[in-house]
Amino acid sequence: MLRAAMFAAALVALAACSKPQPKTYQVMMANMGFGRPPPELHVGDTVEFVNADIFRHSATARDGGFDLDLAPKTSGRAVLTHAGSIEVYCRYHPGMTLSLAVAP
Ligand SMILES: [Cu+2]
């Protein structure tokens, strides 16, 4: 019984090792705009939006994947759940846009 449990635990550990570890990337929001998108994003990674501006902004995915409402000097996180191009905008300032390219 204990042996089987240990074997199962080893399998889980192996599976965890074979996949790249998810990473967290920051995207700044300042001067009424989004900063540079991270150059390399994969499914499972987290994007932390940091509102360094003096205005309230949102980081809203057009596909409905996430919608972060960020007061000045706050931040919020979104986990990337699918591959593809994610278009992001600010609900308060529709001219603020960002495109995230997410690899599988
Ligand atoms: Cu805004």
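The values are calculated or read from the model by the stated rules, or taken from the named source; none is laboratory data. If you're wondering where the values come from, they're calculated on a predicted model, not measured in any experiment. Cβ coordinates were reconstructed from backbone atoms using ideal geometry, including for glycine residues, and neighbour counts include every protein chain displayed.
Here are some notes:
- Just so you know, in the stretch 82-100 the residues that are within 15 Å of GLU48 (Cα to Cα) and under 13 Å from the mean Cα position of the chain (by Cα) include one that is surrounded by the most Cβ atoms within 10 Å (Cβ to Cβ), and it is VAL88.
- Hey, ALA78 modelled with pLDDT of 95 or more, hydrophobic (A, V, I, L, M, F, W, C) and closer than 17 Å to ARG36 by Cβ or not: yes
- Members of the stretch 72-81 that are away from the ligand (no atom under 16 Å from the Cβ), surrounded by 13 or more Cβ atoms within 10 Å (Cβ to Cβ) and not aliphatic (A, V, I, L, M): ARG77
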